[in-house]
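What follows draws every value from the coordinates through simple rules; no lab data is involved. What you see is a predicted model, and the numbers here were worked out from it, not measured in a lab. No Cβ is skipped: glycine too gets one built from the backbone with ideal geometry, and neighbour counts run over all protein chains shown.
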Amino acid sequence: MSEDLSKLHVLLLDDNRNFLSILRSVLRDFGIRDIVEFTSPVAALEYLRNTPVHIALIDLAMPEMNGLEFADRVRRMTDAANPFMPMIMITGHADRSLVQKVINHGIEGLLVKPLRPSALKDRIVALASRPRHYVRTKTGYFGPDRRRRDDPAYSGGERRKDELAEKIRRPGVVNDMPNPKWIPVGTAKRPQDEHDTFIID
């Protein structure tokens, strides 16, 4: 079944204008028309204070601040128009260390250049149709909840058994952006494996 992505408002952030042009063309092929582009992370942050964005595609290596620093700033903003905005990082390389950093900064996906349009579309469709709940932990993490649901068949250790979190019911990506409901939860369960929610392409 074809997914209608025409309602999405997508932010592109990359200091390479040529790559921004390529991304814009790819997104338009997906049916996305509401696209805003930035080469400056600072300007993008200011935009996000006033305008709700459904999904952001961000570069890793940028001169003013890198993509991880940008994502951290977004997740710590107290006046963001959409604090639940999913982010997909695009980079020229990826290793296990980067994957872990991306997860820890509350980023939902990682794609590697050269970009395959089908991989990008799959990730956008997944984020738009199956938005995650968000959590805020005692250690300062705010972002998508990557913990597994209770699984009676799982017999491993609880790596976060002492870490309490607030679970935030995030709204649908397109139809009902904030305000969310804050729902207290008990002990956080075993987190998902690193690659469960990522496309490394």
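Across the range 47-57, coupling constants 3J(HN,Hα) worked out from phi with the 6.51/-1.76/1.60 Karplus curve, θ = phi - 60°, read 4, 5, 5, 10, 10, x, 10, 7, 8, 10, 10 Hz, and Gly and Pro carry x.
For residue 143, the residues whose amide H sits under 5 Å from its own are 135, ignoring neighbours fewer than 5 places away on the same chain, with H placed 1.01 Å from N.
Compute the Cα gyration tensor for the range 9-129, then decide on rounded, prolate or oblate, letting a ≥ b ≥ c be the square roots of its eigenvalues: rounded whenever a/c is under 1.5, prolate when a/b is larger than b/c in the other cases, and oblate in all that remain.
Rounded, since a/c falls under 1.5.
Among 35, 55, 103, the ranking by other beta carbons within 10 Å of each residue's beta carbon, starting with the fewest, stands as 35, 103, 55.
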